[in-house]
1. Please identify the GluC sites (Glu not before Pro) of region 240-327 that satisfy two criteria: DSSP loop assignment and at most 15 other Cβ atoms within 10 Å. Which are they?
2. How far, in degrees from 0 to 90, does helix 11-20 lean away from the longest principal axis of the Cα atoms of the chain, to the nearest 10?
3. Percent of accessible area on the chain owned by carbon and sulfur, 1.4 Å probe?
4. Which whole-number value in Å² is the accessible area per residue of region 243-328, probe 1.4 Å?
5. Considering only protein heavy atoms, what is the solvent-accessible area of ASP226 at a probe of 1.4 Å, reported in Å² to the nearest 10?
6. So what are the ³J(HN,Hα) numbers for region 309-323, from phi and the Karplus equation (6.51, -1.76, 1.60; θ = phi - 60°), rounded to whole Hz, Gly and Pro as x?
7. Do any of LYS216/LYS285; LYS285/LYS371; LYS38/LYS119 go past 29 Å between their Cα atoms, and which?
8. Give the ranking of ASP299, ASP250 by solvent-accessible surface, highest area first, calculated with a 1.4 Å probe.
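The values are calculated or read from the model by the stated rules, or taken from the named source; none is laboratory data. All figures in this text were calculated on a predicted structure; none of them were measured in a lab. We place every Cβ from the backbone using ideal geometry, glycine too, and count neighbours over all the protein chains shown. The area values use the complete protein model at the heavy-atom level, side chains included, leaving out ligands, DNA and RNA. Shrake-Rupley method; radii C 1.70, N 1.55, O 1.52, S 1.80 Å.
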Amino acid sequence: MLQVSYIRENKEQVLERLSVRNFSQPELVDEIISLDEKRRSTQSKGDALQAEANAAAKQIGELMKQGKKEDAEAIKAKTSSSKEEIKKLYDELAVIEQELHQKLVQIPNLPHSSVPKGKTPEENEVVLTYGQMPNLADDALPHWELAAKYDLIDFELGVKITGAGFPVYKGKGAKLQRALINYFLAEAEKSGYEEMMLPHLVNEASGFGTGQLPDKEGQMYHVGLDNLYLIPTAEVPITNLYRDVILKEDQLPIKNCGYTPCFRREAGSYGAHVRGLNRLHQFDKVEIVQVVHPDKSYDVLEQMSLHVQSLLQSLGLHYRVLRLCGGDMGFTSALTYDMEVWSAAQQRWLEVSSVSNFETYQSNRLKLRFKGSEGKTQLAHTLNGSALALPRIVASILENYQTPEGIKIPDVLVPYTGFDMIK
């Protein structure tokens with residue numbers, strides 16, 4: 001959530017940056033500024049009347065002590081009506097603040113100056129491409145056929161138990177999944193991230209804090225009886241560890257990682273592009289999160305991007321890095337890099353990670369602050385990244401490492417799987 005003071009003091013810049021997102025409600029900016037003026041005016045009037053009432057009460061007390069009851073009663077009669085006026089003003093203030101809040105949460109984060117304009121994924125900027133495109137045989141199979149051939153993943157069993165998008169991993173397929181999780185966590189630990197084991201359900205305040213609510217409630221599974229939400233990513237519980245917290249500057253940066261299953265309704269997702277592991281309602285992911293000093297967040301973003309890339313390089317996967325355009329970027333992000341791996345059997349790029357800097361957008365919602373050496377309290381910056389999401393990594397490994405003899409396991413995973421081939 002943007003700060004009202006920033007919107008008020010930088011209106012033209014806010015409108016210019018929102019235009020990069022193709023934001024369709026620029027009139028909200030003027031409405032927010034107008035409501036903020038009304039809020040400050042009402043607050044000022046109420047506080048002034050309250051100060052007068054406090055002074056009068058003090059004066060009445062002193063007169064009563066002096067035995068001047070009549071003078072005290074006269075002042076009390078004059079100020080009795082101000083109590084009703086004060087209540088009226090503060091009631092009005094509460095309504096204004098609620099309306100202001102409702103409009104503020106409709107404004108997305110402002111894109112960083114490097115974010116390109118654009119409306120569709122095709123307008124994302126390719127930052128770099130790494131490695132050589134795999135050259136498979138003409139009879140190479142997509143991962144869903146390989147999963148069936150080697151009895152690794154059963155999609156129909158998942159449909160039987162739950163529904164489409166909830167696969168069952170079997171045998172070496174399950175071991176490959178677990179190996180990837182352990183490998184990603186081990187690499188995160190080497191990079192200084194502290195592992196957290198987290199709840200898989202969060203309350204409404206947590207969903208709001210990281211920006212899933214009210215923007216993405218349609219994509220989240222809601223447990224209505226308890227008003228809890230299944231997490232769409234470990235970002236939500238990890239970042240909310242620091243909700244309503246004031247840190248010391250020397251505690252920054254905070255680096256956490258965590259493995260969780262992730263749950264997304266993915267409403268309206270149909271077609272060949274979501275076949276197999278390409279898009280699921282439940283999937284596994286290792287997430288990295290940092291809370292940092294505002295002056296260092298963009299250096300940290302680059303470091304997090306390099307960490308994700310190092311995982312892809314170690315797995316021997318051909319990948320590219322995209323800087324998302326304004327129209328394809330998440331609601332809460334100021335700058336996002338997507339990492340995509342090449343699926344040789346499907347002949348298409350598959351997104352496997354997003355790494356984002358949210359600047360103060362989440363921390364303002366979370367009231368996540370730090371106190372500097374001079375004693376000044378300010379909002380921290382938050383960042384997160386997938387390191388990595390498993391389904392499309394598994395899909396790419398199965399497809400790109402298939403041979404006539406079976407599926408070769410990347411060397412870095414062999415100590416975690418206990419086998420080097422799937423036959």
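1. Passing sites in region 240-327 are GLU266.
2. 20 degrees
3. 49 percent
4. It amounts to 41 Å² per residue over region 243-328.
5. ASP226 has an accessible surface of roughly 100 Å² with all protein chains in place.
6. 4, 5, 5, 5, 5, 5, 7, x, 9, 6, 9, 9, 10, 10, 9
7. Distance filter (> 29 Å) returns LYS285/LYS371; LYS38/LYS119.
8. ASP250, ASP299
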